[in-house]
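Here the structure is laid out as C-alpha cells; the discussion comes afterwards.
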Amino acid sequence: MTGKFGTASGGITIFTSHRQSSSAASTQAFDTTAYVSHDSFTRWAGQRAQIENRTTLGGTVRKVWTGNIGNALPIELLIGGDYRTDLVDATQYPSADQHQIGGDVVGLAYAAHGVGAFSQIQVKPLDWLKLTVGSRYDHFFYDVHNHLDSVNSPAINSGVWSPKVGIAVTPIKGVELYANYGEGFGSPSVVDDLLSNPALQPMKLVSKEVGIHITALPRTSLLVDAWTTDIANESFQAAPGLPEQNIGRSRRSGYDVEARYRLRSGEASAISLFSNLGIVSAHLIDQGPAAIYVPYPSDRLSEFAVNFGPL
C-alpha cells in the first residue's frame, strides 16, 4: 500500500492511497485507490462571479482475471466499482471589474454522491482478432440546501446504464484496425442546471469510433481515427450567469492523428516526442432540412510534447 500528500490544480490533494495485492500472476491483481481533495476558487465570468469551496472524496476497487476457456480461448475479465462524494458551498453575485456590485443571487450548499459498478470481458478467439464487451451502471443523488430559496432545493436520484463493445483486427504484425461503440452520460450541474430546471435528466452520449494503430516502424507509433458523438440533449448558455437551455440533439464528429517517436528507451529514462491533431465539427440534428451549427466547441486542437518515462 502506498500513500502520499501533495497538491493539485486549483486546490490541495489532502491524501491519496493505492493498494495492490495479487495471486500467482501479477496480471490477476486486486487494486484499490482512495482519494481526498479540497479546492477553493473564485471564478469571474462576465458580470457575475462564483465562489466555490469543494471537498471531494472517493475511491475505486477493481479486479482482473486472465486465463483460458477450454485451454484454447484466451479471456480477460475485469469487474469493479467506484464511489465519489462532492461537498460543495457555492455563491454567485453580480460583479464589475472583479468587485461585487449587488446581493447574492445563488447561495447554497449541496452534497453530490455517485456510485458506479463496471465490468468488461475481452476474448481473443484468433491470434489476429480481439473482441471486447463491457458495461457500466452509475447511480447518483444530490442533497441540496438553497439558502436563498429553501423551496427550490432539488432532490435528484437517478441512474444510467452505459454499454460498450469493441473489435480489433491485426492483419499483420504492428498494424491494428479497430472499431468501438460506447454510451455514456454527463450529470447535471447543481448551480447551472438544476436550480433553473430541477427535472433535468443526465445528458446521454453515444460514441462510435474507427481507426488504425501502426507500430511496425522502429521507435514510432502512429494512430489515426474518425469518430462521432451524439448528445441526446445539447445544452446552451447564451451568456455567463444565464440558465442553460436544452436545444435538442447534437452530433460532434471529428478526426484525430497522433504520432510518437521514441528517442531513448528504458523503464525509467525513456524519452519520446508526441504530437496530436484533432479536427471537430458540431451540429444540431433532427432540425429539418438544414442542420444548425453548434458554435462553441473548438474546431481544431493540436498538441506537441516531450514525454519522459515509458510509453
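What follows draws every value from the coordinates through simple rules; no lab data is involved. Predicted model, so just to flag it, every value in this text is computed and none were measured. No Cβ is skipped: glycine too gets one built from the backbone with ideal geometry, and neighbour counts run over all protein chains shown.
What is the local net charge at LEU87, summed over the other residues whose Cβ is closer than 14 Å to its Cβ (Lys, Arg +1; Asp, Glu -1)? Could you put the intermediate results ahead of the total?
Details: positive: ARG54, ARG84; negative: ASP39, GLU52, ASP86, ASP89, ASP143.
So the environment of LEU87 carries a net charge of -3.
Give the long-range amide H neighbours of LEU148: residues separated by 5 or more places, or on another chain, with amide H under 5 Å away, using H modelled in the peptide plane at 1.01 Å from N.
So LEU148 has HN proximity to GLY107.
Please rank ASP104, ASP286, fewest neighbouring Cβ atoms within 10 Å first, as an exposure proxy.
Details: ASP104 14, ASP286 9.
Placing the least packed residue first, the sequence is ASP286, ASP104.
Under a Cβ-Cβ cut-off of 13 Å, what is the net charge of the residues other than SER187 that fall near it, where Lys and Arg count +1 and Asp and Glu count -1?
Details: positive: ARG84, LYS204; negative: ASP86, ASP138, ASP192, ASP193.
Once positives and negatives cancel, what remains is -2.
Taking each pair of different alpha-carbon atoms in segment 68-188 once, compute 1/r for the pair, average those values, and report the inverse of that mean as the Kirkwood hydrodynamic radius in Å to one decimal.
Over segment 68-188, the inverse of the mean reciprocal pair distance is 18.6 Å.
Would you mind getting me the FRET efficiency between HIS113 and LEU205? Use the beta-carbon distance for r and R0 = 22 Å, nearest 0.05.
Working: r = 21 Å, r/R0 = 0.97.
Calculated transfer efficiency: 0.55.
Just need log10 I(q)/I(0) for segment 20-125 at q = 0.13 Å⁻¹, Debye formula, equal scatterers on the alpha-carbon atoms, no solvent, rounded to two decimals.
Computed log10 I(q)/I(0) values: -0.67.
Over 17 Å, how big is the tail of the calculated P(r) for segment 143-199, in percent of all Cα pairs? List each step's numbers first, then the result.
Details: 959 of 1596 pairs.
For segment 143-199, the share of Cα pairs beyond 17 Å comes to 60 percent.
Relative to the compact globular guide of 2.2 N^0.38 Å, what is the alpha carbon radius of gyration of segment 112-244, as a ratio?
Values: Rg = 20.6 Å, N = 133, 2.2 N^0.38 = 14.1 Å.
Working it through for segment 112-244, the quotient is 1.46.
Please work out the Kirkwood hydrodynamic radius for segment 101-169, using every pair of different C-alpha atoms, and report it in angstroms with one decimal place.
In segment 101-169 this quantity evaluates to 15.7 Å.
Computed over the Cα atoms of segment 162-229, what is the convex hull's projected area averaged over all directions, in nm²?
Numbers: hull surface 26.0 nm².
Taking a quarter of the hull surface, the average projection is 6.5 nm².
Suppose a student asked you for the relative contact order of segment 178-226, using Cα pairs under 8 Å spaced at least 6 residues apart; what percent would you report?
Numbers: 62 pairs, mean separation 18.3, N = 49.
Contact order relative to length: 37 percent.
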